[in-house]
Each structure stands twice: as structure tokens, then as C-alpha cells.
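Asks: Here you go, one structure.
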Amino acid sequence: MLYPLFFQPVYKETIWGGQNLKKLFHRELPYQKTAESWEVCCHKNGISIIENGILRGKSIIEAINVYKIDLIGNKGLKFDTFPLLIKYIDANDNLSVQVHPDDEYALKNEGEFGKTEVWYVLSAKENAKIIYGVKNGITKDEFKKNILKNNIEECLNFVSVKKGDVIFIPPGTVHALLEGIVVAEIQQNSDTTYRIYDWNRVDKDGNPRKLHVDKALDVMDFNLNGTIYNPTFSKFKTYSIANISKCKYFNVDEIIVHDKYQDETTGESFYIFMCIEGSGLLHYKGDSYSIPAGKTFMIPAKKEKFSIEGELNLLKVYL
Ligand SMILES: [Zn+2]
């Protein structure tokens with residue numbers, strides 16, 4: 001009965017979005033400024049709907065209610081709600097400079113979990129940059145002064161990025177994706193963002209977006225300025241694999257399949273795969289499922305062998 005679940009994307013429009021997900025994945029997008037595609041989500045702002053098999057049209061919540069531990073595994077059962085939010089982000093223009101709270105602060109002030117996130121860069125224009133923490137030696141006082149002078153760009157740590165880079169963002173890290181970058185993002189199931197600076201922009205009605213400077217200053221860690229992680233791949237005959245992110249909320253592996261990749265669930269966690277490049281076929285319990293570029297799917301946690309065939313790059317996300 002259990003089978004791999006494929007989901008309909010949930011699209012989000014913002015002032016900084018664009019058409020790059022169409023370019024990368026040949027998708028029809030609902031908005032001119034499509035900013036995010038929520039690939040697997042179980043949040044009040046977006047809930048994944050299954051698009052294949054007998055559960056077609058049902059939500060991820062209904063699937064979890066039916067299959068429980070067989071779908072989400074021992075580790076998944078420990079959470080009240082589905083613990084992850086997985087998306088693509090098209091930073092066609094600069095995102096706001098922002099920070100996320102940790103669990104303790106977010107549960108107390110927002111009634112939801114905090115946000116630890118990781119980005120995998122799918123494409124980046126030449127000289128693309130992100131904001132990744134504050135410059136060395138910047139104190140909270142100096143930062144505050146520069147906010148008042150509308151001059152915080154002086155305080156921020158700008159870092160160049162390229163395709164394939166992995167950027168881990170713990171709570172408290174000031175960050176922003178800047179113009180010309182598309183990423184896959186794996187994060188805790190939270191939508192709490194404190195905006196510090198929005199490039200003096202206004203929305204289509206001429207209003208600036210809301211800032212949350214006080215809360216941001218509460219949660220900012222001035223000792224965090226990141227370095228980009230360079231994974232080491234283990235090479236096998238038909239694929240290569242590297243762990244690119246490991247924290248208490250999630251694990252992410254990058255898998256480059258040249259021909260065939262075999263794997264097995266163990267009952268501990270579901271596996272979510274994002275096909276970030278290329279295409280292939282999934283073989284599971286005698287059935288085959290086609291995997292076009294961009295597709296995201298979930299393999300149930302219950303012990304089972306499966307394989308993925310083709311020439312494709314995958315991100316594998318698990319608890
Ligand atoms: Zn963020």
C-alpha cells in the first residue's frame with residue numbers, strides 16, 4: 001500500500017521573485033514574480049497536496065494520519081507536526097536582510113519553532129553574493145547606530161557564491177540571498193523571519209514591507225559570520241555521495257548519479273529527494289516513477305529497498 005509520494009508545488013509571490021524556476025525546471029509558474037516553490041510543506045501558510053497514487057488530492061497531513069510511523073518513521077513521530085519545510089527560492093532580486101530566532105525565542109514569542117536552514121546553490125550569476133553574518137568586530141551598539149543612519153550595508157559580511165555551494169544558516173545569523181541566485185532550501189518547519197533592512201524598497205502599492213528590528217536585535221548573534229562548506233564526495237562506480245549538512249533537525253546528502261543509485265529505508269526516517277539537475281527513474285516495489293528535473297518526492301520510512309536510475313543530481317533529506 002505504501003508508495004513514494006510526489007507533491008504539487010505551492011508557489012509564493014514576492015517583490016523579489018522571478019521566472020528562474022521556469023528556466024531551470026521547465027515549469028509553468030503562476031506569477032510573474034514567483035519567489036518560492038514550497039516542495040514539501042505542512043504549515044499554516046502552505047500544505048503539500050499529493051499528486052500520485054491512491055492518495056492523489058489528499059494532503060501530507062492526511063497521509064501521515066493514515067500511515068503514521070510507516071511513513072515518517074521513529075524519528076518523525078517525535079514531533080507534533082511534520083518537522084521540515086523544503087523549498088526552492090528564486091532570488092531574482094535581493095531578499096531583505098533578515099534573521100531567524102531559535103526554538104526557545106520563537107516558541108515563546110511566535111508560537112512556532114525557530115528556524116535553522118541550509119541553502120544549496122542551484123544557479124548563480126557571475127559575481128553573485130549573499131549576506132552571511134556581520135563583519136568581524138561589529139558590535140550590537142554599532143549595528144544599532146548604523147540602522148538609525150540607514151547605513152547597515154557597512155556592517156554586513158558579503159560572500160561570493162557559485163553553483164554547488166552549501167550555506168548553513170543557524171538561528172541568529174544575519175543573512176540574505178542577493179540578486180541572481182536560485183537555491184534549494186531545507187529548513188525547520190517555521191515561517192518566522194525578522195526583517196532588518198529591505199533596501200529602501202516599496203511594494204506594488206507603494207508601501208515598504210514591515211521591519212522587525214527590535215526582535216531581530218534580540219536574536220542576532222554578532223559572533224556569527226559564516227564560511228561556505230566544501231563537501232568531500234565518496235566515489236562509487238555508479239554514483240558519488242557527500243553529506244552536505246548535519247544538524248539536530250535534519251541531514252542532507254548530495255548524490256550525483258551516473259548510472260544507478262541503490263538505497264534502503266530503515267524505519268527511522270522518511271527520505272525526501274529533490275532532483276536538482278538531470279532526470280531519471282525511481283524503482284520501488286516493482287513500480288517505476290519518472291523523476292524530471294526539479295521534482296521532489298518522499299520515500300516512506302518503512303524498511304524497503306529502492307533504486308534510482310539515470311544521470312541526475314539529488315539532494316537526500318532525512319531526520
Ligand atoms: Zn532565511
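Asks: Out of segment 184-208, which residues are part of a strand (DSSP E or B) and within 11 Å of the chain's Cα centre (by Cα)? I'd like the intermediate steps shown before the answer.
Replies: Initial filter on segment 184-208 (part of a strand (DSSP E or B)): 184-188, 194-197.
Of everything in segment 184-208, those that are part of a strand (DSSP E or B) and within 11 Å of the chain's Cα centre (by Cα) turn out to be Ala184, Glu185, Ile186, Gln187, Gln188.
Asks: OK, next. Return the only residue of Asn157, Asn189, Asn200, Asn151 being at positive phi and among the polar types (S, T, N, Q).
Replies: None of the other options fit; the residue is Asn200.
Asks: Here's another thing I want to ask about it. Anything in segment 170-200 that is closer than 19 Å to Val40 by Cα and aliphatic (A, V, I, L, M)? List them, or say none.
Replies: Val182, Val183, Ala184, Ile186
Asks: Given Val10, Val66, which one is more than 27 Å from Lys115 (Cα to Cα) and open to solvent by 10 Å² or more (accessible area, probe 1.4 Å)?
Replies: Being more than 27 Å from Lys115 (Cα to Cα) and open to solvent by 10 Å² or more (accessible area, probe 1.4 Å) holds for just one of Val10, Val66, which is Val66.
Asks: Inspect all residues belonging to segment 240-249 and state whether any of them is part of a strand (DSSP E or B), at pLDDT 95 or above, of a type outside the set (Lys, Arg) and open to solvent by 20 Å² or more (accessible area, probe 1.4 Å).
Replies: Yes, segment 240-249 contains at least one residue that is part of a strand (DSSP E or B), at pLDDT 95 or above, of a type outside the set (Lys, Arg) and open to solvent by 20 Å² or more (accessible area, probe 1.4 Å).
Asks: If a residue must be of a type in the set (Gly, Ala, Ser) and more than 16 Å from the ligand (Cβ to nearest atom), how many such residues does segment 167-212 contain?
Replies: Of the residues in segment 167-212, 2 are of a type in the set (Gly, Ala, Ser) and more than 16 Å from the ligand (Cβ to nearest atom).
Asks: Would segment 213-222 turn up any residue that is open to solvent by 40 Å² or more (accessible area, probe 1.4 Å) and free of Cβ contacts under 8 Å to residues at least 40 places away in the same chain?
Replies: yes
Asks: How about segment 123-166: which of its residues are away from the ligand (no atom under 16 Å from the Cβ), aliphatic (A, V, I, L, M) and surrounded by 14 or more Cβ atoms within 10 Å (Cβ to Cβ)?
Replies: If the condition is that a residue be away from the ligand (no atom under 16 Å from the Cβ), aliphatic (A, V, I, L, M) and surrounded by 14 or more Cβ atoms within 10 Å (Cβ to Cβ), then Ala124, Ala128, Ile138, Ile147, Ile152 are the ones that fit.
Asks: Separate question: Among what's in segment 22-36 and is touching a residue at least 60 places away in the same chain (Cβ under 8 Å) and not aliphatic (A, V, I, L, M), pick the residue that is surrounded by the most Cβ atoms within 10 Å (Cβ to Cβ).
Replies: The extreme case among them is Phe25.
The values are calculated or read from the model by the stated rules, or taken from the named source; none is laboratory data. Source: prediction; values computed, not measured. Positions of Cβ are backbone-derived with ideal geometry, glycine not excepted, and every protein chain shown enters the neighbour counts. Surface areas here come from the heavy atoms of the whole protein model, side chains and all, with no ligands, DNA or RNA. Shrake-Rupley method; radii C 1.70, N 1.55, O 1.52, S 1.80 Å.
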